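Report on the following structure.
The values are calculated or read from the model by the stated rules, or taken from the named source; none is laboratory data. Quantities reported herein were computed from a predicted structural model and do not represent experimental measurements. Every residue, glycine as well, gets a Cβ built from its backbone with ideal geometry; the counts of neighbours run over all protein chains shown. The accessibility values were calculated without ligands, DNA or RNA, using every heavy atom of the protein model including side chains. Shrake-Rupley method; radii C 1.70, N 1.55, O 1.52, S 1.80 Å.
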Amino acid sequence: MTDKMLKFVKVDRETPNKRKVDKRVNDFKEVYDQFIQEKAKEQSSRCSQCGVPFCQIHCPLHNNIPDWLKLTAEGRLQEAHELAHSTNNMPEICGSICPQDRLCEGNCVIEKAGHGTVTIGAVEKYITDNAWEKGWIKPIKILKEINQSVGIIGAGPAGLACAEELRKSGYKITIYDRYDRPGGLLIYGIPNFKLEKFTVERRTNLLKESGIKFKQDFEIGKNISFDELRKRHDAILIATGVYKPREIELPGSDLKNIFPAMEFLTASNRKGLGDKVENFDNGMLNADNKDIVVIGGGDTGMDCVRTAVRQNAKTVKCLYRRDRENMPGSAREVRNAEEEGVEFVWLSSPKKFIGTSQISSVLVERMKLGKTDSSGRKKPEPIPNSEFEMKADMVIKALGFDPEDLPKLFKSPDLSISKSGTVKINLRTKETNLPGVFAAGDIVRGASLVVWAIRDGRDATVSIRKYLERKLNKSEKAA
Ligand SMILES: Cc1cc2nc3c(=O)[nH]c(=O)nc-3n(C[C@H](O)[C@H](O)[C@H](O)COP(=O)(O)OP(=O)(O)OC[C@H]3O[C@@H](n4cnc5c(N)ncnc54)[C@H](O)[C@@H]3O)c2cc1C
Ligand code: SF4
């Protein structure tokens with residue numbers, strides 16, 4: 001923050017008169033906006049426009065990064081926004097939550113030369129936030145609606161991206177989702193402090209205004225059978241994500257106050273959205289003033305520890321059975337968590353949950369890394385007689401997610417799935433073994449990233465469009 005901005009913040013707090021405060025706030029916003037704009041320009045002009053755009057290659061959407069950086073540096077923000085939007089349905093969301101250090105920014109040539117990456121994600125977010133503010137982002141207007149409809153199961157990023165692209169072509173779209181709000185993990189998984197929920201709501205409202213229908217609280221397999229849904233629509237996209245939490249079965253697993261990560265994060269996100277959440281309000285899912293132990297070293301684990309810190313936990317510890325170098329979570333997230341006071345207990349694994357009716361401590365066993373296993377990583381092995389007790393008022397299990405049993409849930413035993421339960425598709429067309437049924441996102445890849453879900457949703461659109469055109473031609477010929 002500049003000195004000028006700090007001055008405004010100080011005066012805002014001291015001024016009792018509302019009109020004066022409003023003026024100060026507006027003045028502050030203006031200075032702040034200008035500051036952000038200057039930062040975006042400064043960063044954009046650092047791009048060396050290198051001949052081989054490694055950033056673009058390593059972005060799953062192959063965003064035209066060098067060109068929108070150039071446009072931003074030149075102050076041509078509307079063109080920058082149009083270019084950014086041409087390959088990405090939610091640039092401001094990706095700009096906020098992509099693990100850029102593993103994707104675009106991690107491959108920036110300037111970063112590789114040791115001068116620090118161009119902050120691509122922040123510029124992408126700036127370009128799009130600015131476009132929203134200026135009113136450049138408008139609902140889709142279609143010239144002629146095509147009399148064919150697509151049913152999309154799942155209102156997460158894969159389903160939303162596919163819906164938007166198909167609607168642009170004029171198809172009738174209905175998205176079905178078992179949650180009460182659209183957005184999938186953007187709403188109920190990813191914590192508020194990483195992604196402001198109004199940005200997701202702004203996107204889904206835009207899709208509603210574009211004529212896409214949303215049916216919330218509507219579960220396929222429960223409110224309607226999958227077969228019935230197929231009869232309702234000309235094509236179907238399955239974009240249901242992965243939600244079955246991986247379990248850890250230990251003595252004491254049934255003690256109270258041991259929760260799966262999604263239960264903890266959903267409660268926190270619902271509170272942030274202003275919902276009444278009984279189990280949070282009665283303290284059960286609230287980390288306030290508690291000793292919290294999170295098991296698991298992936299990105300979900302990092303979200304749990306950082307959420308617990310924000311709920312004023314007394315202590316937050318993260319148990320991970322390998323070491324820092326072998327941790328699956330983003331190094332940046334680990335650093336952030338450490339700075340916020342989270343203690344990482346590397347090379348450690350829970351052996352037993354201890355308590356009478358509810359958890360009071362975890363018996364932890366030290367580990368060492370042994371031989372490399374089939375996944376290419378060193379296998380953790382327990383060190384005999386190394387156990388110690390760790391106090392815990394709440395344990396959060398963040399061990400990853402598997403797909404639910406879709407053929408069973410959908411009562412569609414013919415739907416082909418892989419050994420791990422993901423939906424099998426033709427990788428070129430995204431079509432499943434069932435004609436006219438396509439699939440995209442985590443339910444195909446396994447737990448992955450928002451940017452990949454968007455990419456899959458967009459790719460599926462191309463094949464669905466071709467399929468629908470063929471179907472229409474056939475029925476016209478037959479008529
Ligand atoms: C805690 C957490 C944090 C994450 N943080 C990040 C991050 O920072 N950056 C990042 O890039 N990725 C992150 N991810 C991963 C990212 O959220 C997912 O990869 C992405 O959301 C997958 O999109 P999707 O559309 O495939 O599925 P989802 O977003 O899971 O959406 C699937 C939707 O399908 C609905 N559904 C499921 N079954 C049915 C049914 N039978 N009937 C009707 N509806 C159904 C669900 O209600 C849900 O709304 C995170 C994931 C988690 C769990
Ligand atoms: S979508 Fe993600 S990977 Fe691609 S440019 Fe934006 S932040 Fe980088």
| field | Cα-projected label distance for Trp132 with Ser420, points at 7 Å along beta-carbon direction, nm | value | 3.2
| request: Pull up all non-local amide H partners of Ile152: gap of 5 or more, or a different chain, and H-to-H distance under 5 Å with H placed in the peptide plane. | output: Thr174, Ile175, Tyr176, Leu237
| field | Hz values of 3J(HN,Hα) by residue in segment 431-440 - Karplus curve (6.51, -1.76, 1.60), Gly and Pro given as x | value | 8, 7, 6, 8, x, x, 10, 10, 8, 7
| said: How are the alpha carbon pair distances in segment 162-204 distributed across 5 Å bins from zero to the largest one, expressed in percent? | reply: 5, 20, 24, 21, 17, 9, 3, 0
| Normalised by the number of residues in segment 309-350, what is the relative contact order in percent for Cα pairs under 8 Å and 6+ residues apart? | 59
| query | Taking R0 as 22 Å, what's the FRET efficiency between Leu363 and Met284 from their Cβ-Cβ distance, rounded to 0.05? | reply | 0.45
| Over the Cα atoms of the chain, what is the Rg over Rh ratio if Rh follows Kirkwood? | 0.99
| Once amide H atoms are placed 1.01 Å from N in the peptide plane, what residues at a sequence separation of 5 or more from Lys368, or on another chain, have their amide H within under 5 Å of its amide H? | Glu381, Ile383
| said: Using only DSSP helix segments of four residues or longer, with each worth -39500 (n - 2.57), what per-residue ellipticity at 222 nm results for the chain after dividing by its residue count and rounding to 500? | reply: -12500 deg cm²/dmol
| Within segment 76-101: backbone nitrogen closer than 15 Å to the Cys50 label point (7 Å, Cα to C-beta) | 101
| task | Just need the relative contact order of the chain here, percent rounded to a whole number, with Cα pairs under 8 Å and 6+ apart. | result | 14
| query | Among Ala84, Gly241, Ile224, which residue has its Cα positioned farthest towards the positive end of the charge dipole of the chain, with +1 placed on the Cβ of Lys and Arg, -1 on the Cβ of Asp and Glu, and the dipole taken about the Cα centre? | reply | Ile224
| note | Probe 1.4 Å, all chains present, heavy atoms only: His62 accessible area in Å², nearest 10, is 90
| request: In whole Hz, with x marking every Gly and Pro, tabulate ³J(HN,Hα) for segment 373-387 from phi via Karplus 6.51 cos²θ - 1.76 cosθ + 1.60, θ = phi - 60°. | output: 9, 5, 7, x, 10, 6, 7, x, 10, x, 8, x, 6, 10, 5
| Considering only the chain, percent of DSSP beta bridges that pair antiparallel, nearest 5 | 35
| query | Once all Cα-Cα distances of segment 324-479 are split into 10 Å bins that start at 0, what whole-number percent is in each one? | reply | 8, 22, 25, 21, 14, 6, 3, 1
| Percent carbon-and-sulfur accessible area, segment 331-399, ignoring ligands, DNA and RNA, probe 1.4 Å | 48
| note | Any residue on another chain or 5+ positions along whose placed amide H is under 5 Å from the amide H of Phe344 is listed here as Cys318
| said: Longer than 18 Å from Cα to Cα, which of Lys208/Lys471; Lys168/Lys466; Lys290/Lys397; Lys244/Lys419; Lys213/Lys430; Lys29/Lys70 are they? Say none if no pair is. | reply: Lys208/Lys471; Lys213/Lys430; Lys29/Lys70
| What ranking, highest mean first, results for peptides 429-436, 173-180 when packing means the other Cβ atoms within 10 Å averaged over each residue? | 173-180, 429-436
| said: Heavy atoms of the protein only, probe of 1.4 Å, neighbouring chains included. What is the accessible area of Phe264 in Å², nearest 10? | reply: 0
| request: Return a whole-number percent for the relative contact order of segment 187-313, with Cα pairs under 8 Å and 6 or more residues apart as the contact set. | output: 30
| said: Let me cross-check Leu449: its accessible surface, 1.4 Å probe, with only protein heavy atoms counted, in Å² to the nearest 10? | reply: 50
| said: Give me the 1.4 Å probe accessible area per residue for segment 141-277, excluding ligands and nucleic acids, in Å². | reply: 42
| task | Would you mind getting the accessible area per residue of segment 316-454, heavy atoms of the protein chains only, 1.4 Å probe, in Å²? | result | 50
| query | Quick one: Karplus J couplings for segment 159-174, per residue in order, coefficients 6.51, -1.76, 1.60, θ = phi - 60°, nearest Hz, x for Gly and Pro? | reply | x, 5, 5, 5, 4, 5, 5, 5, 5, 4, 7, x, 6, 7, 10, 10
